[in-house]
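The values are calculated or read from the model by the stated rules, or taken from the named source; none is laboratory data. Small disclaimer: the values here were computed from a predicted structure and weren't measured. In this analysis, Cβ positions are derived from the backbone assuming ideal geometry, glycine residues included, and neighbour counts consider all displayed protein chains. Heads up: the accessible areas ignore ligands, DNA and RNA and are worked out on the full protein's heavy atoms, side chains in. Shrake-Rupley method; radii C 1.70, N 1.55, O 1.52, S 1.80 Å.
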Amino acid sequence: MGTELLRMTAAELGAAIRAGEVTSVAATETYLDRIGEVDGDVRAFLHADREAALEQARAVDSRIAAGEELGPLAGVPIAHKDVFTTTDMPTTAGSRILEGWNPPYDATVTSRLREAGLVILGKTNMDEFAMGSSTENSAYGASHNPWDLSRVPGGSSGGSSAAVAAYEAPLATGTDTGGSIRQPAAVCGLVGAKPTYGGSSRYGVIAFASSLDTPGPFARNVLDAALLHEAFSGHDPRDSTSVDAPVPPVVEAARHGDVEGLRVGVVKELDGEGYQPGVLRRFHETVELLEGLGAKVVEVSCPSFDTALAAYYLIAPSECSSNLARFDAMRYGLRVGDDGTRSAEEVMSMTRAEGFGPEVKRRIMLGTYALSSGYYDAYYGSAQQVRTLIKRDFDAAFGHVDVLVSPTTPTTAFSIGERAADPMAMYLADLCTIPTNLAGNSALSVPCGLAPEDGLPVGLQVMAPVLADDRTYRVGAAVEAALASKRGSALLSESAYAV
Amino acid sequence: MAYDDVVRAYEPVLGLETHVELGTASKMFCSCSTVFGGEPNTQVCPVCLALPGALPVVNGTAVESAIRLGLALNCSVASWCRFARKNYFYPDMPKNYQISQYDEPLCTDGHLDVTVESADGPREFRIGIERVHMEEDTGKTAHVGGATGRIHGADYSIVDYNRAGIPLLEIVTKPIEGAGELAPEVARAYVRELRDLARALGISDVRMEEGSLRCDVNVSLMPVGGDEWGTRSETKNVNSLRSVDRAVRHEMERQAGVLEAGQRVVQETRHFQEDSGSTVSGRSKEEAQDYRYFPDPDLVPVAPSAEWVEELRATLPELPAAKRVRIQSEWQLSDEELRDLVNADAIDLVAATVDAGAPPAEARKWWLNELSRRATETEVPLSGLPITSAQVARVVALVEEGTLTNKLARQVVDGVLNGEGEPDDVVEARGLKVLSDDSALGAAVDTAIADNPDAAEKIRGGKVAAAGALVGAVMKATGGQADAGRARELILERLGVS
């Protein structure tokens, strides 16, 4: 029964729970047991609370028993990134400075998960304040890639991707600021989506870069991702940047992966030199696959994408330097050096020196510099201009294609420690995903095979216009189905932690 | 340096930055209450405490108030503007940045006219308004232990975040030149006029003593005939109209002294000392703090439509300047009488009393004499007395209809101020009605005649003027409640001289 439950998709599990074939408690216990079994190796969770999870599951079961109409994911367990506030579990954002903090309020995404009846198993590991591409910047140690424990699971939402890939949860939440959902999804062989900016609420998401942060779903298949996307997205009056528009019909699109006549643009600038050959090979095979399914494929040039990484590393640190100023030891979190003789300023300074890790400090310093008087125009100002140019490239491209595609990441999962001492090498992991964050449109990563040289998953990135998220699911579903029929089995069944 | 010598040698240039706390029900970016005086840290939430993950949402009423003040100040209202973050660390600022506006303020380029008395009669000055922008207030820090209540020497500090996030408007003047010796009065008149404007618009209670109107005064001097401004100081903590005047005067004298001694004025923040009337140095601004302003990415731009702005313009009430002109003409006041009313901050109170039915002269008399004296005695502003214009009007009416004498009316006012209820309740409870009933009065008159045989004899002998002594005795016997005229009539009648 256990293995069977773990193999079910979230949609199947939800249907079985609603039909009374399985209880949420049974499903939750199975996943909690799985966590107990493998998380010592994978280290996906920062916090898992058996009793709290079972209590939620019992509540859902009694709602179902009482005949309440619940959504498609009611009773289904989920792993929740530790960047979302939760009233019943600590929230650290992967940082020492928030160790032991118990938020007095739920993030909007958290509340919506609860309303939809999802059972939160625990909080997943992440790069500190979502700054990184490997989870190695977590103050609590790195998570491991279930495909190869010596490799990173991607980041910053690497605990979430590792949890879902290791069957410790059927679903997980993430946030994507420069690729923090799509890149870990790609290197763990999962589906991960970055909704349109403002399509999902940032209220209760511990901020990294406010103009870029976007909550989104992880799942083992496209339909599950769409169901989760739909469950927590939509307008939130508590987030001024939230879009007051209906959630795009992502579930409908995920059920009908039809690309006949769809115009697909291959981004010239996200191809070629610097990419792992096996990644490119699987990418181009997938493009051919789409062509075979009736899509019209053309090459598209987005020249400003070449400057996206540089612009991102000015805008994101600038915003974070201000967002992270609130961690000052006054109201919550770590407090260092308060021995009754030191001034508030000294305590703030000592706390921040001890509470933040080196990557966070690096970005705070970069951002502080970029916003400084006399440098603002040259750095932050020019970066905003680049952002406008990138938007224009997208607008121009979407004038004659429906979606754009590229590899999600230039390489498959790299080894733990390999890039830890080289920030630039680490930053390059987000080369293909960053333009979408800067422009605010939607994108999704879907597995497209294993790289021949290392046997590790490769992701295809599908990018669509603002509020056309459904197109990314449509293409994702088509690729998923075609790949499954070509391979004869789901990609994830080949992972070391397959069940 | 004596003030007369200062203004002979130097021309002051002023700049005033005024913060008005808006009277909205909720804070600028969250739904917490803004009521003054709550228990510390009871009017807070994740947003105004800057808990991780919390986000601001703009209070639409605050934007509306800002636009209305901007319109009343003859400003242009931007069709699109943004909030910016002003970054600096301070324990009473939860986010360690203040959400404010920087290079894209909501209202710009207006003016406000003020009148001050000069040796040659009233002089009008047009004060240019640089900008009106929206921002949020900080919390309040208190320093415990130590003698001064200041941070130096304190044992520890405590922070109250109830005020954090209260909406503020900052109104910045253009440089004010050419006021010369009248500079202190001009500054004071400007703050007064701005205060009255905000009050007339109903956007703030503008109580300087509670900090809902705060003023920073920038002063610099240039030699008379010069064209290059001197270095300025910025004086904070100027918490009353009188202090505005004193702070400007003090800074002019202090800076002149520095210049005369051949030294240079330091660009710095100074604090006004209420007790001594002087300013003391705060932190130096010589090395300008870098606030790293940038547009707040948590908020969307504010873009008031032209239609909305015009709708708001149509809701502007009669503004104080227009009201003064109307009242002077309606009540036929001399310039001096009007000035007295303005200086006493009584114009709105008197007008409301007149609206409640009192004749203007009576209403003025009560507020400018009796009530002004009570306000001074109890050290509250006139508007802070616990009596309403309607209650004053009722007292006036009771005197007019003969129920009260002026002396009794003062006792009724005492009762109202004392919290004994409405004027009629006080009259009833204290038994303060005038005795004009002949049977009650007759007994007192008889007693007075019997007790004062000499005076009675004089009256009988035709010395009617001696009746005064008997009337006095009647008044004394009745505790002042007798109708003195009727008492006199009865005395003369009984003594056969009427």
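Kirkwood hydrodynamic radius, computed over distinct alpha-carbon pairs, for the range A:59-178: how many Å, to one decimal? Intermediate values should be presented prior to the final figure.
Details: mean 1/r = 0.0679 Å⁻¹.
With all distinct Cα pairs of the range A:59-178 included, I get 14.7 Å.
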Pop the C-beta distance of B:SER334 and A:ASP377 into the FRET formula with R0 = 51 Å and round what comes out to the nearest 0.05.
0.30
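For the range B:1-106, what is one quarter of the convex hull surface built on the Cα atoms, given in nm²?
Values: hull surface 44.2 nm².
One quarter of the hull surface, i.e. the mean projection, equals 11.1 nm².
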Using +1 at the C-beta of Lys and Arg and -1 at the C-beta of Asp and Glu, which of B:GLY479, B:ALA443, B:ALA466 has the Cα lying farthest in the positive direction of the dipole of the range B:438-494?
B:ALA466
Cross-chain or 8 or more residues apart, Cα under 21 Å: how many lysine pairs in the range B:3-311 fit that? Count them up, please.
12
What accessible surface, in Å², does a 1.4 Å probe find on B:TYR88, ignoring ligands, DNA and RNA and rounding to the nearest 10?
50 Å²
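Cα-Cα pairs above 41 Å in chain A: how many percent?
Details: 16336 of 124251 pairs.
That tail contains 13 percent of the Cα-Cα pairs.
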Output row A,B: buried area (accessible, probe 1.4 Å, summed both chains) in Å², nearest hundred, equals 2700 Å²
Of all C-alpha pairs within chain B, those more than 37 angstrom apart amount in percent to 44 percent
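Please give the average number of partner chain Cβ atoms lying within 10 Å of the Cβ of each residue in A:201-214, rounded to a whole number.
Working: counts 1, 3, 6, 6, 4, 4, 6, 0, 1, 5, 4, 1, 1, 0.
Mean inter-chain Cβ contacts per residue within 10 Å come to 3.
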For the range B:318-425: span of alpha carbons on each principal axis (Å, largest first):
37, 32, 22
Please give every one of the lysines within straight-line cross-link reach of A:LYS81, meaning a C-alpha to C-alpha distance under 21 Å, and leave out same-chain neighbours fewer than 8 residues apart.
A:LYS123, A:LYS194
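Under the Kirkwood approximation applied to all pairs of distinct alpha-carbon atoms, what is the hydrodynamic radius of the protein assembly as shown in Å? Spell out each step's value before the answer.
Numbers: mean 1/r = 0.0301 Å⁻¹.
With all distinct Cα pairs of the protein assembly as shown included, I get 33.2 Å.
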When the Cα centres of the range A:368-398 and the range A:91-152 are compared, how far apart do they sit, in Å?
30 Å
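Can you give the Kirkwood hydrodynamic radius for the range B:438-494, in Å, rounded to one decimal and based on Cα pairs? Could you put the intermediate results ahead of the total?
Details: mean 1/r = 0.0925 Å⁻¹.
By the Kirkwood definition, the hydrodynamic radius is 10.8 Å.
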What do you reckon, how do A:LEU431, A:LEU450 stack up by accessible area (1.4 Å probe), largest on top?
A:LEU431, A:LEU450
Please report, for the Cα atoms of the range A:275-422, the Rg to one decimal and the Dmax as a whole number; what are they, in angstrom?
22.0, 73
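Let me know the shape class of the range A:389-457, please: from the alpha-carbon gyration tensor, a ≥ b ≥ c as square roots of the eigenvalues, rounded when a/c is under 1.5, otherwise prolate if a/b is greater than b/c, or oblate. Walk me through the numbers on the way to the answer.
On the way: a/c = 3.50, a/b = 1.60, b/c = 2.19.
It comes out oblate by the Cα gyration axes.
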Treat the range A:72-129 as a sphere of radius equal to its Kirkwood radius over Cα pairs and apply Stokes-Einstein at 37 °C in a medium of 0.692 mPa s; give the translational diffusion coefficient in µm²/s, rounded to a whole number.
284 µm²/s
For A:LYS268, which aspartates and glutamates qualify as cross-link partners when the Cα separation must be under 15 Å and same-chain residues fewer than eight apart are set aside?
A:GLU299, A:ASP306, A:ASP393
For the range A:45-102, what are the per-bin percents of Cα-Cα distances with bins 5 Å wide, up to the bin holding the maximum?
4, 17, 23, 19, 15, 11, 7, 3, 1
Where the centroid of each part is defined by its Cα atoms, how far is the range B:304-326 from the range A:187-221 in Å?
46 Å
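Take the Cα gyration tensor of the range B:357-498, multiply each eigenvalue by 5, square-root it, and list the three semi-axes largest first, rounded to whole angstrom. Mind dumping the intermediate values first?
Working: eigenvalues 257, 41, 34 Å².
After scaling each eigenvalue by five and taking roots: 36, 14, 13 Å.
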Singleton cysteines, chain B, no second Cys beta-carbon under 4.7 Å -> B:CYS30, B:CYS32, B:CYS45, B:CYS48, B:CYS81, B:CYS215
Whole-Å distance, taken between Cα centres, linking the range B:124-199 and the range A:292-351
34 Å
Bin width 10 Å, alpha-carbon pairs only: give the P(r) of the range B:150-298 as whole percents, running from 0 to the bin holding the largest distance.
9, 33, 35, 19, 4, 0
Multiply the residue gap between B:ALA429 and B:SER79 by 0.36 nm, knock off their C-alpha separation, and tell me the result in nm, one decimal place.
120.0 nm
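What average count of beta carbons from other chains do you get within 10 Å of the Cβ of residues in B:154-165? If you can, show how the numbers build up before the last one.
Working: counts 0, 1, 2, 2, 0, 3, 0, 2, 0, 0, 0, 0.
Across B:154-165, the average partner-chain Cβ count within 10 Å equals 1.
Can you send over the carbon and sulfur percentage of the accessible area for the range B:438-494, probe radius 1.4 Å, protein chains only? Kindly include the intermediate steps, with their values, before the conclusion.
Working: 1550 of 2930 Å².
The nonpolar share, carbon plus sulfur, comes to 53 percent.
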Largest-first principal axis extents of the Cα set of the range A:379-499 (Å)
49, 39, 21
Lys, Arg +1 and Asp, Glu -1 on Cβ, resulting dipole of the range B:318-425 about Cα centre, debye, nearest 20:
200 debye
Using only the alpha-carbon atoms of the range B:307-366 as identical scatterers, what base-10 log of I(q)/I(0) does the Debye formula give at q = 0.14, 0.18, 0.22 Å⁻¹?
-0.44, -0.64, -0.84
Restricting the range A:306-384 to trypsin sites (Lys or Arg not before Pro) in coil, as DSSP defines it, with at most 14 other Cβ within 10 Å
A:ARG342
Just to confirm a number: summing +1 for Lys and Arg and -1 for Asp and Glu over residues other than B:GLU253 whose beta-carbon lies under 11 angstrom from that of B:GLU253, what do you get?
-1
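Sorted by accessible area with a 1.4 angstrom probe, largest first, how do A:THR9, A:THR23 fall?
Details: A:THR9 40, A:THR23 70 Å².
Solvent-accessible surface, decreasing: A:THR23, A:THR9.
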Which value in nm describes the separation of the simple spin-label points at A:GLU418 and B:SER439, placed 7 Å from the Cα toward the beta carbon?
11.5 nm
Enclosed volume per residue, in Å³, of the convex hull spanned by Cα atoms of the range A:106-152:
108 Å³
